[in-house]
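Asker: Okay, handing you the structure first.
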Amino acid sequence: MVSASIKTLDKNGNDIATVGFNRFGFDSEVPLDVLRSLYLRPHYAVPADSDDGDKSLDMDEQEAQHAKFTQGHTAYQSKSIYYPDTKSISYTTLSRFTPVKLLPPSQRKRILVTGGAGFVGSHLVDRLMLLGHEVTVLDNFFTGSKTTVSHWVGHPNFELVRHDVVEPFMIECDQIYHLACPASPPHYQFNAVKTIKTSFMGTLNMLGLAKRTKARFLISSTSEVYGDPEVHPQHEEYWGHVNPIGPRACYDEGKRVAETLTYGFQRQDGVDVRVARIFNTYGPRMNPYDGRVVSNFIVQALKGEDMTVYGDGKQTRSFQYIHDLIDGLILLMNSDESRPVNIGNGDEFSIGEFAELVREIVEKVQDEDGVKRTRRVQIVYKPMPTDDPQMRRPDTTRAKESLGWQPKWTVRMGLEEMVRYYKAKMAEGSL
Ligand SMILES: NC(=O)c1ccc[n+]([C@@H]2O[C@H](COP(=O)([O-])OP(=O)(O)OC[C@H]3O[C@@H](n4cnc5c(N)ncnc54)[C@H](O)[C@@H]3O)[C@@H](O)[C@H]2O)c1
């Protein structure tokens with residue numbers, strides 16, 4: 001089976017072969033293919049052939065498909081067998097881990113990632129592990145899952161701890177990425193009191209740890225601190241316009257108070273802090289059912305269901321791809337910038353245009369994989385729900401000036417990866 005590599009181009013039409021930078025004395029660059037081999041795993045589950053057919057062909061096909069996106073980094077994969085008849089899955093252990101950089105002790109950092117089993121956290125963990133650092137993940141698995149980091153479990157540089165950040169935790173470390181907090185509205189509204197507790201007490205505990213260990217502390221804040229903004233695009237000096245008692249307040253106000261705490265520890269105790277205000281991000285490992293537009297559209301199109309657009313489709317949104325965000329977080333952590341920094345992509349799409357783009361990419365990926373469609377999915381328009389948030393768009397001047405960071409990935413390239421990821425999840429039977 002021929003395995004042609006897939007070309008990934010950045011905004012200027014140049015090949016993306018690596019992600020990350022060597023800047024501020026910290027090298028965060030890794031080959032894209034190696035990183036991809038950790039999340040694009042079409043063979044992640046090999047369907048068991050219940051009627052005793054020719055299994056080897058299936059396996060060869062799976063391997064070839066995988067090699068197409070990951071340049072053959074299959075030696076480091078566990079193979080999980082999916083049994084369609086009983087809807088069960090059997091996991092195998094890894095025989096070998098993906099190679100990681102061997103750093104001298106003077107360069108190797110002990111890094112704590114809270115919420116490291118979530119969507120953003122697991123991508124950060126992949127990058128930090130490949131770079132050769134010692135990574136500890138702290139997670140209560142509320143919205144995250146062990147499967148997102150299972151490919152590192154057992155590695156000597158990796159530790160996974162089930163822990164709720166609302167309770168104190170002690171460990172020696174050099175850097176803390178504090179990400180633990182549910183991020184999508186259905187998840188953070190599920191238990192609003194717990195969400196605000198996580199934001200306040202979790203951040204208090206992690207800042208206490210940073211104070212004790214003299215670790216540098218980075219918090220993943222959000223564009224939601226700007227609320228329903230009266231200023232467009234939003235720059236970091238804007239104080240926001242937030243309803244303190246609405247259904248989103250547990251998250252918005254939670255992050256605002258978390259920022260207040262962060263700067264309190266900086267002023268009073270000299271804790272070395274970083275604050276990333278993250279805008280809408282998408283990518284593989286995003287929960288397909290958390291009600292966000294990117295995952296909704298892809299799942300509907302892949303399942304052959306009509307795609308639902310709420311409103312007339314003219315409202316705009318902007319999205320950044322996960323690798324751009326991880327680049328930004330690592331740069332910020334290692335830079336001298338202690339003011340809040342917006343990290344997001346300002347390219348706007350109307351929702352109608354976006355639905356068409358998703359449909360086109362799903363069809364392209366299906367054609368590449370020889371999938372036959374019985375009909376073309378339609379884009380249907382439904383009335384807009386009343387609480388649909390207003391548009392937010394980042395002003396990323398500060399990130400550009402202080403970190404030399406700007407988004408590289410086009411929405412099209414990011415969507416292609418995400419479609420392949422969800423397609424693999426469908427083959428596995430978990431979508
Ligand atoms: N994804 C985005 O577009 C986006 C945008 C802005 C900000 N953020 C921020 O980035 C961070 C990560 O978001 P995500 O999209 O990966 O969400 P996610 O829900 O996938 O990840 C959050 C992780 O935190 C864990 N967690 C939640 N409460 C916890 C607790 N009390 N103790 C320990 N672990 C806990 C969850 O189990 C999960 O693994 C969050 O702080 C979020 O506010 C994300």
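Asker: Under 6 Å between Cβ atoms, which residue pairs at least 6 apart in sequence (or on different chains) link something in the stretch 144-159 that is touching a residue at least 60 places away in the same chain (Cβ under 8 Å) with a partner that is surrounded by 19 or more Cβ atoms within 10 Å (Cβ to Cβ)?
Answerer: Matching pairs, first to second residue: Thr148/Ala117; Thr148/Ser122; Thr148/Arg285; His151/Leu38.
Asker: Counting just the residues of the stretch 160-175 that are free of Cβ contacts under 8 Å to residues at least 40 places away in the same chain and of a type in the set (Val, Ile, Thr), which one comes out farthest from the ligand (Cβ to nearest atom)?
Answerer: Val161
Asker: Considering (1) more than 10 Å from the ligand (Cβ to nearest atom); (2) touching a Ser or Thr at 6+ places or on another chain (Cβ under 7 Å); (3) not charged (D, E, K, R), say which one Ser150 fails and leave the rest.
Answerer: (2)
Asker: Separate question: What's the total number of residues in the stretch 251-281 that are crowded, with 22+ Cβ neighbours inside 10 Å and over 20 Å from Leu332 (Cβ atoms)?
Answerer: Going through the stretch 251-281 one residue at a time, the tally reaches 4.
Asker: Which of the residues spanning the stretch 176-187 are buried (at least 24 other Cβ atoms within 10 Å of the Cβ) and more than 8 Å from the ligand (Cβ to nearest atom)?
Answerer: Ile176, Tyr177
Asker: For Leu331, which of the numbered conditions (1) under 30 Å from Phe217 (Cα atoms); (2) crowded, with 22+ Cβ neighbours inside 10 Å; (3) under 16 Å from the mean Cα position of the chain (by Cα) fails to hold?
Answerer: (3)
Asker: Continuing with the same structure: So, in the stretch 216-251, exactly how many residues are touching a residue at least 12 places away in the same chain (Cβ under 8 Å) and closer than 26 Å to Glu401 by Cβ?
Answerer: 21
Asker: Of all the helices (runs of 4 or more DSSP H) wholly in the stretch 176-273, which have at least 1 residues that are out of contact with any strand residue (DSSP E or B) (no Cβ under 6 Å at 6 or more places or on another chain) and over 21 Å from Pro340 (Cβ atoms)?
Answerer: 185-190, 192-197, 203-213
Asker: Do we have any residue at all in the stretch 280-299 that's under 19 Å from Asp228 (Cβ atoms) and at pLDDT 95 or above?
Answerer: No, because not a single residue in the stretch 280-299 is under 19 Å from Asp228 (Cβ atoms) and at pLDDT 95 or above.
Asker: For Pro99, which of the numbered conditions (1) of a type outside the set (Phe, Trp, Tyr); (2) within 14 Å of the ligand (Cβ to nearest atom); (3) surrounded by fewer than 18 Cβ atoms within 10 Å (Cβ to Cβ) fails to hold?
Answerer: Just one mismatch for Pro99, condition (2).
Asker: Any residue at all in the stretch 125-135 that's part of a loop (DSSP other than H, G, I, E, B), within 13 Å of the ligand (Cβ to nearest atom), surrounded by 19 or more Cβ atoms within 10 Å (Cβ to Cβ) and not charged (D, E, K, R)?
Answerer: No, every residue in the stretch 125-135 fails to be part of a loop (DSSP other than H, G, I, E, B), within 13 Å of the ligand (Cβ to nearest atom), surrounded by 19 or more Cβ atoms within 10 Å (Cβ to Cβ) and not charged (D, E, K, R).
The values are calculated or read from the model by the stated rules, or taken from the named source; none is laboratory data. Since this is a predicted model, take the numbers as computed values, not measurements. Glycine also receives a Cβ, built like all others from the backbone with ideal geometry; neighbour counts cover every protein chain displayed.
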